[in-house]
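Chemist: Before I ask anything, let me first share the structure, which is written out below as structure tokens.
The values are calculated or read from the model by the stated rules, or taken from the named source; none is laboratory data. Note that this is a predicted model, so its numbers are computed, not measured. Note that each Cβ is placed from the backbone with ideal geometry, even for glycine, and that neighbours are counted across all protein chains shown. Accessible surface areas use protein heavy atoms only, side chains included; no ligands, DNA or RNA. Shrake-Rupley method; radii C 1.70, N 1.55, O 1.52, S 1.80 Å.
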Amino acid sequence: MSATQQIRIQGGTLVTIEGRRAMDIEVLDGRLATIAEAGTLPGIRPPGGAPASVEVIDATGLYVLPGLIDGHVHLRDPGDGTAEDIGSGTAAAVAGGVTTVLDMPNTDPPTDDAARVDAKLRRADAVAHCDLGVLGLVDDRTLDRLEAMAEAGAVGFKAFLGPTTGGMAPPSESGLRAAMTIIARLGMRLAVHAEDATLVEAATTEVRASGRTDPLVHPDRRPVAAEVAAIDRVGAVAVDTGCAVHVVHLTSADGLAAIERWRARGADITCEVSANHVLLGAEDMAAIGSRMQMNPPVRRRAEGHATALLEGLADGRVTMIASDHAPHPASHKPDDPWVAHSGAVGVETSLQLFLDRVVGAGILTLERLVKATSAAPARVWGLSTRMGALTPGLEANLVLVDPARPWTIDDDTLHGRARLTPFRGWSGQGAPVLTMLRGRVVMRDGEPVGEPIGRGIRPSR
Ligand code: DOR
Ligand code: ZN
């Protein structure tokens, strides 16, 4: 078969988990074909016939990173097109250097059976700008549908152990145990929203009785103890059942310590942090307002959790970075912490924030950032035979980063539908300038380009 599409990416500095080197890349028919020392690729030489097109992309002065896999987004599709849909949310993703997103099941209706998994994946085939995988909902009603959801293409499952947007019911103790037994047998992983419902309710009752309405009401309703209790609950079942677990949006040093304790007892527990929880502090709520209200909450900077999470990211105890992109229209975000909905946008700004505030600040190497945004999520979610590295044979998903590009974050420059970023007004340096999905340029100079060529990801089982 003759090649139909050939691309050279030359002059850039490739960043992998092992290090960075001046290398050129040849892409054939959407896959990484050859990666060679700068200047050593042979002349353009179609392997089996004349290519229909040859494109050269000059990456001089740029870093070439694997396309980001953002393992945690809420695209509100189906449900609330005023907040986001798969088209708008994946346009925002490619603007941020993301080539794959995993969509959470708390849509309306929730992703809780095989038909709804399939419908989301088909919708991605039709309108997505990047690839999209789906997590199926675990609650007491879905136990006998988990296998069918896996067959329909779910990459994993998610349980909400505490109350949050969408009102997903936490599984009972026996339901959780049964679900994890099934998920272990399927060889898949359970993502958990780790806030214990009972402790959140108790703290909420206490804070409400105090009559408080100040912005710190929100973090005080959802204490660190609730995160630890939820991790302990799932950790114990993980040891018993052998089910692999992933703790989403970890917020505390204590939560990370709990994960480490269960790891030491043999549990396979991975975890993620978001830019929100490592860069913001609850002290900022008075100035930023309900834009930064989310579940679990951003902790007080003075408590040191963000510093501990960044240390965990640097040494590998924190497995990955995910945005928890959770858009809400302005009508959901009054400045009353008792009324505002929780969740903040972020898929588009995560990479630039980590580049400037974390890598630029010397907290994380660029190589470690690459691991946390591509190789690690690919491994954890079973996608590494297709993506997550710059390795010949894998899909040509990559992002070119200009380390000198200045940026300022503002609602008006974002590409999602709801744009209330908690990072409004932040500026910095270093941003994605080109995103490639399976050999096609889907973002240039910060703007999504071309037809939406994203697809639903259906792992073969
Ligand atoms: O703050 C949050 N928002 N936390 C969640 O768990 C859900 C999310 C949403 O869907 O808005
Ligand atoms: Zn979320």
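Chemist: Among the listed residues ASP284, ASP315, ASP356, ASP335, identify the single one that is modelled with pLDDT under 95 and either open to solvent by 20 Å² or more (accessible area, probe 1.4 Å) or not acidic (Asp, Glu) (or both). First the steps, then the outcome.
Modeler: On the way: ASP284 fails: modelled with pLDDT under 95; ASP315 fails: modelled with pLDDT under 95; ASP356 fails: modelled with pLDDT under 95.
Result: ASP335 is the single residue among ASP284, ASP315, ASP356, ASP335 that is modelled with pLDDT under 95 and either open to solvent by 20 Å² or more (accessible area, probe 1.4 Å) or not acidic (Asp, Glu) (or both).
Chemist: In addition: Is it true that VAL347 is in contact with a Gly (Cβ under 9 Å, 6 or more places away or on another chain) and away from ligand 2 (no atom under 16 Å from the Cβ)?
Modeler: Judged against the criteria, VAL347 is not a match.
Chemist: Identify, by number, the condition in (1) in contact with a helix residue (DSSP H, G or I) (Cβ under 9 Å, 6 or more places away or on another chain); (2) assigned to a strand (DSSP E or B) that LYS158 doesn't meet.
Modeler: Of everything listed in (1) in contact with a helix residue (DSSP H, G or I) (Cβ under 9 Å, 6 or more places away or on another chain); (2) assigned to a strand (DSSP E or B), LYS158 misses just condition (1).
Chemist: Moving on to the next point. For the subset of region 163-185 comprising residues that are surrounded by fewer than 18 Cβ atoms within 10 Å (Cβ to Cβ) and assigned to a helix (DSSP H, G or I), which member is farthest from ligand 1 (Cβ to nearest atom)?
Modeler: ARG185
Chemist: Another question, if that's okay. Which residue, of LEU383, LEU394, LEU398, is crowded, with 24+ Cβ neighbours inside 10 Å and either within 18 Å of ALA92 (Cβ to Cβ) or in contact (Cβ under 8 Å) with a residue 60 or more places away in the chain (or both)?
Modeler: The unique qualifying residue is LEU398.
Chemist: Which one of ALA326, ALA361, ALA375 is open to solvent by 20 Å² or more (accessible area, probe 1.4 Å), touching a residue at least 12 places away in the same chain (Cβ under 8 Å) and not β-branched (Val, Ile, Thr)?
Modeler: Just a single option satisfies the conditions, and that option is ALA375.
Chemist: Do we have ALA119 as within 14 Å of ligand 1 (Cβ to nearest atom) and among the small types (Gly, Ala, Ser) here?
Modeler: Numbers: within 14 Å of ligand 1 (Cβ to nearest atom): no; among the small types (Gly, Ala, Ser): yes.
Taking the combined requirement at face value, the residue does not satisfy it.
Chemist: Which residues, counting only those in region 402-461, are of a type in the set (Asp, Glu) and out of contact with any Ser or Thr (no Cβ under 9 Å at 6 or more places or on another chain)?
Modeler: Of everything in region 402-461, those that are of a type in the set (Asp, Glu) and out of contact with any Ser or Thr (no Cβ under 9 Å at 6 or more places or on another chain) turn out to be ASP402, ASP412, ASP445, GLU447, GLU451.
Chemist: Would you please name the residue that is nearest to ALA404 (Cα to Cα), looking only at residues in region 4-15 that are open to solvent by 20 Å² or more (accessible area, probe 1.4 Å) and either among the basic types (Lys, Arg) or at pLDDT 95 or above (or both)?
Modeler: THR13
Chemist: Return the residue satisfying two criteria in turn: it lies in region 203-220 and is open to solvent by less than 50 Å² (accessible area, probe 1.4 Å) and free of Cβ contacts under 8 Å to residues at least 40 places away in the same chain, and of such residues it is nearest to CYS271 (Cα to Cα).
Modeler: Within region 203-220, the match that is nearest to CYS271 (Cα to Cα) is ASP220.
Chemist: Something else now. Filter region 285-317 down to the residues that are within 16 Å of ligand 1 (Cβ to nearest atom) and either assigned to a helix (DSSP H, G or I) or more than 12 Å from LEU216 (Cβ to Cβ) (or both) and list them by number.
Modeler: Residues satisfying the conditions are MET285, ILE288, GLY289, SER290, ARG291, MET292, MET294, ASN295, PRO296.
Chemist: Can you report the number of residues in region 96-119 which are among the polar types (S, T, N, Q), in contact (Cβ under 8 Å) with a residue 60 or more places away in the chain and within 13 Å of ligand 2 (Cβ to nearest atom)?
Modeler: 1
Chemist: Residues THR213, THR241: which one is hydroxyl-bearing (Ser, Thr, Tyr) and touching an Asp or Glu at 6+ places or on another chain (Cβ under 9 Å)?
Modeler: So the residue among THR213, THR241 that is hydroxyl-bearing (Ser, Thr, Tyr) and touching an Asp or Glu at 6+ places or on another chain (Cβ under 9 Å) is THR213.
Chemist: I would also like to ask the following. Spot the failing condition for HIS277; the list is (1) assigned to a helix (DSSP H, G or I); (2) more than 16 Å from ligand 2 (Cβ to nearest atom); (3) within 20 Å of ILE231 (Cα to Cα), and only one is missed.
Modeler: Among (1) assigned to a helix (DSSP H, G or I); (2) more than 16 Å from ligand 2 (Cβ to nearest atom); (3) within 20 Å of ILE231 (Cα to Cα), HIS277 violates only (2).
Chemist: If you go through region 292-305 one residue at a time, do you hit one that is within 23 Å of GLY360 (Cβ to Cβ), surrounded by fewer than 24 Cβ atoms within 10 Å (Cβ to Cβ), more than 16 Å from ligand 2 (Cβ to nearest atom) and within 18 Å of the chain's Cα centre (by Cα)?
Modeler: No, region 292-305 contains no residue that is within 23 Å of GLY360 (Cβ to Cβ), surrounded by fewer than 24 Cβ atoms within 10 Å (Cβ to Cβ), more than 16 Å from ligand 2 (Cβ to nearest atom) and within 18 Å of the chain's Cα centre (by Cα).
Chemist: So is LEU351 touching a helix residue (DSSP H, G or I) at 6+ places or on another chain (Cβ under 8 Å), closer than 25 Å to ASP412 by Cα, away from ligand 1 (no atom under 16 Å from the Cβ) and open to solvent by 10 Å² or more (accessible area, probe 1.4 Å) or not?
Modeler: no
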